[in-house]
Amino acid sequence: MSPAGRRAAVLGSPIAHSLSPVLHRAAYREMGLTGWSYDRFEVDEDGIAPFLEKLAASGGEWAGLSLTMPLKRAVIPLLDKVGDTAASVGAVNTVVFAPDGRRLGENTDIPGMIAALRERGVDGVPHAAVLGAGATASSALAALARICTGEVTAYVRSRERAEEMRGWGERLGVAVTAADWADAPRALTAPLVVATTPAGAADSLAAAVPERPGTLFDVLYEPWPTPLAAAWSARGGRVLGGLDLLVHQAVLQVEMMTGRCPAPLAAMRAAGEAALAARTA
C-alpha cells in the first residue's frame, strides 16, 4: 500500500485516557500525511495475539502500533525481532510492520527519556534516585545508564521489588542500591529524581522537597502538575513531566512508522498541551 494511506494505533488496557492519538495525528497533519490514520483500541494480554493476527490479514495497510500497559512484555513472544534497546529491559512499546510482514519490536521510552532530559540541559549527573519499580522504572534505569556516572538509589515498597531493581541494574550496567519506601524523602536530595509511581503514590513527598532541588522527572501527565512537581517547581527546581516523555517517545515512533525524519516535535507538543488543557478546563 502507498505511504499516502497507512494505519497505526495505540493498544492497551485501559486506553481511553491515552494522548497518543492526539500526538500522532498532529504529526501526520504537519507532515502532510493526509491519508494516514491513528486510532486507539482496548486490548489486554489475552487479546493481543488475536489482534495481531487480524492485522496480518489486512493486506499491509498497517504501519505500526504503540503499546502501553499491560502489553509491553506480553507482546514480545509474538514478534519476529526485538531491538537491542527493548531487549535490554524486556519491554516493547513500539511495533513496526516491515514490508515483508515481519513484526519488529522496539522501545522508544528509553531514548525518549534521554532526549527529554537533554532538551532541558541534563546531559549527565553524578548520581540519581528512582521512585518506584516496574516497567517504567526499568526504562528509567536504562536511560540513567547513559547519563548517570555514579550510583542510582531505587526506593521501593518490598524486598521483591528491591531484588528486581538490583537485577535490572546488573543487567543494564548500573550500580543500583535499593532503599525502603519509608526513606523516600532522602531521594529528593539527588541531582536527578525520576518518579515512576502511580498517581497519588508520591504526593506525600511534596512536603519534603529541599530548599534547592535539582531535576525532577515525574512520568505522570494527568493530573498535572502532581503535588510533588508543583512543590518542586515552587522551590525553583527543574521539572519534567510525563508529557515531555510522551512527546519525545512519540516523535521516535512517528519516524519509525512513517520512515520520515524529523517528526514535528513542536507541533506534537502543542497538540498534547492543548488536549491536556481541554481536559482540565
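Does region 121-132 contain any residue that is assigned to a helix (DSSP H, G or I), modelled with pLDDT of 95 or more, assigned by the TED database to the domain that holds Ala162 and in contact with a Ser or Thr (Cβ under 8 Å, 6 or more places away or on another chain)? Break it down into steps so the answer makes sense when it comes.
Filtering region 121-132 for residues assigned to a helix (DSSP H, G or I) gives none.
Within region 121-132, not a single residue is assigned to a helix (DSSP H, G or I), modelled with pLDDT of 95 or more, assigned by the TED database to the domain that holds Ala162 and in contact with a Ser or Thr (Cβ under 8 Å, 6 or more places away or on another chain).
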Candidate set: region 9-31, residues that are in contact with a Ser or Thr (Cβ under 7 Å, 6 or more places away or on another chain) and among the polar types (S, T, N, Q); chosen: the one surrounded by the most Cβ atoms within 10 Å (Cβ to Cβ)
Ser20
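Could you say whether any residue in region 164-171 is touching a Lys or Arg at 6+ places or on another chain (Cβ under 9 Å) and either open to solvent by 10 Å² or more (accessible area, probe 1.4 Å) or among the aliphatic types (A, V, I, L, M) (or both)? Can you show your working first?
Start the filter on region 164-171 by keeping residues that are touching a Lys or Arg at 6+ places or on another chain (Cβ under 9 Å), which leaves none.
No, region 164-171 contains no residue that is touching a Lys or Arg at 6+ places or on another chain (Cβ under 9 Å) and either open to solvent by 10 Å² or more (accessible area, probe 1.4 Å) or among the aliphatic types (A, V, I, L, M) (or both).
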Looking at Lys54, Lys72, which one is farther than 25 Å from Ser139 by Cα and either surrounded by fewer than 16 Cβ atoms within 10 Å (Cβ to Cβ) or not aliphatic (A, V, I, L, M) (or both)?
Lys54
Which residues, counting only those in region 133-160, are of a type in the set (Gly, Ala, Ser) and touching a strand residue (DSSP E or B) at 6+ places or on another chain (Cβ under 7 Å)?
Ala133, Ala137, Ala140, Ala154
In region 214-239, the residues that are over 24 Å from Ala182 (Cα atoms) and surrounded by 23 or more Cβ atoms within 10 Å (Cβ to Cβ)
none
Examine region 81-88 for a residue that is in contact with a Lys or Arg (Cβ under 8 Å, 6 or more places away or on another chain) and either open to solvent by less than 10 Å² (accessible area, probe 1.4 Å) or hydroxyl-bearing (Ser, Thr, Tyr) (or both), and state whether such a residue exists.
yes
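Hey, can you tell me all the residues within region 220-266 that are among the charged types (D, E, K, R) and modelled with pLDDT under 95?
Glu222
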What number of residues in region 198-213 are within 22 Å of the chain's Cα centre (by Cα) and crowded, with 18+ Cβ neighbours inside 10 Å?
2
Inter-residue pairs, beta-carbon under 8 Å, first farther than 21 Å from Gly12 by Cβ and in region 24-50, second surrounded by fewer than 13 Cβ atoms within 10 Å (Cβ to Cβ) and among the polar types (S, T, N, Q), 6+ apart
Gly35/Ser2
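Yes/no matrix, rows are residues, columns are (1) in contact with an Asp or Glu (Cβ under 7 Å, 6 or more places away or on another chain); (2) at pLDDT 95 or above; (3) farther than 15 Å from Val254 by Cβ:
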residue: Leu11; (1), (2), (3): no, yes, yes
residue: His17; (1), (2), (3): yes, no, yes
residue: His24; (1), (2), (3): no, yes, no
residue: Glu30; (1), (2), (3): no, yes, no
Taking Thr34 as meeting all but one of (1) within 17 Å of Asn93 (Cα to Cα); (2) polar (S, T, N, Q); (3) open to solvent by 50 Å² or more (accessible area, probe 1.4 Å), write down the number of the exception.
(1)
Being among the aliphatic types (A, V, I, L, M), assigned to a helix (DSSP H, G or I) and in contact with a strand residue (DSSP E or B) (Cβ under 9 Å, 6 or more places away or on another chain) is the filter here; which residues of region 23-51 pass it?
Leu23, Ala27, Ile48
For region 142-163, indicate whether the set of residues that are open to solvent by 30 Å² or more (accessible area, probe 1.4 Å), among the small types (Gly, Ala, Ser), closer than 23 Å to Asp244 by Cα and in a loop (DSSP other than H, G, I, E, B) is non-empty.
no
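The values are calculated or read from the model by the stated rules, or taken from the named source; none is laboratory data. Since the model is a prediction, treat every value here as computed from it, not as a measurement. With ideal geometry, Cβ positions are generated from the backbone for all residues, glycine too; neighbour counts draw on all protein chains shown. Surface areas here come from the heavy atoms of the whole protein model, side chains and all, with no ligands, DNA or RNA. Shrake-Rupley method; radii C 1.70, N 1.55, O 1.52, S 1.80 Å.
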